[in-house]
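FYI, it's all coordinate maths here, none of it is from the lab. Computed from a predicted model, the values in this text were never measured in an experiment. FYI the Cβ positions are ideal-geometry reconstructions off the backbone, even for glycines, and counts take in every protein chain you see.
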């Protein structure tokens, strides 16, 4: 008797009291900025990925599946399906109707494939920031000369996905906030016009219950990096397959995320007090590997969101024809938790031929790139409950009219129920089944030690 798995993603929208007429909602990332975007406060809305287990045409609960695996009545088969003996009955439950997604926030699934930061609406914060406690600066800090050259992700990571500079411990209190921390694995971003930073945040409210009224420096405000000043959190990218490790322990009290290095009261950079390492960047899960292989005739950019942080899609992986690269894939238990729930890496998937400078930054509506790119890819390793990786594709809900101009096929070892985007019919497919509903994406699971390869092709 076989137990099938149906996996799908559902976006939970948030209703706000006074939405701005020019604001568009995004699956993750801040709202598109209007003519006066200087002050932004983020109000995210959750995304939930649901996994339904089917036994003889009836759904059974996730808890029953886990108990069955624990007591031996269910087991993973070589074909990736769960199996049970006919002599060992399994309780069948009747599925209940899901609550209206506008009435309450989505609950986090312990076996979710990926979980997106929430869409955000801007409001105007207080004019003056209040002071907050800052990490103590190093008593014997002496400034060091930093490399001022710009680097691309390809300069930082070798063919095996290893970044040597990412292993260097960050020297708290030695680098002025006006300088980007070259030489420690951080990926400088020239496109944002912030001196290499991916974003700069200044919480005006800093209470024991978290941050609020978060001022976000506008793109292009300081190409020399001078916008990173005392009290700010200055966010940075890490080359795939590495993830940012510095973010504050306190986060937004209404669900906003804040990330990056802290600029202390003396004007020097420090690892934030919630950091999960002593280096700026840490490698993703060792339990599975995620790669992208470009078989197209033009380059393609996968753009990871700055999370926790500004949640902009600014961290690039751009592959030319014939090239293969790594994507970051976190262990759920070891990375950033949003309001007690594990998170994953999220990527905006652009059409072929879009320049990286236009693909991995905020775009304009109806142009099909940047935050308006057609497809979202999410991935993580669930080391909390299921001990498997989950990776999925879905349509960008804010531009359903957009579609990729190539196919994406999941291949690799230990990949169960592979996912696929089929350009010819503009459908997302799970194993051999394609879905007419554009809102229905697809999610594959990956076993221990497996490698998932997203193959980009014209057929």
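Using a simple spin-label model with pseudo-atoms 7 Å out from Cα toward Cβ, residue 341 and residue 365 lie 2.7 nm apart.
Between the beta carbons of residue 458 and residue 357, assuming R0 = 25 Å, the FRET efficiency works out to 0.55 to the nearest 0.05. Working from label points 7 Å from Cα in the Cα-to-Cβ sense, the residue 276 to residue 209 distance is 2.7 nm. Modelled spin-label separation between residue 190 and residue 297, with each label point placed 7 Å from Cα along the Cα-to-Cβ direction: 2.8 nm. Between segment 382-454 and segment 228-299, the C-alpha centres lie 26 angstrom from each other. The peptide list 348-361, 427-440, put in order of mean Cβ contacts within 10 Å with the highest first, becomes 348-361, 427-440.
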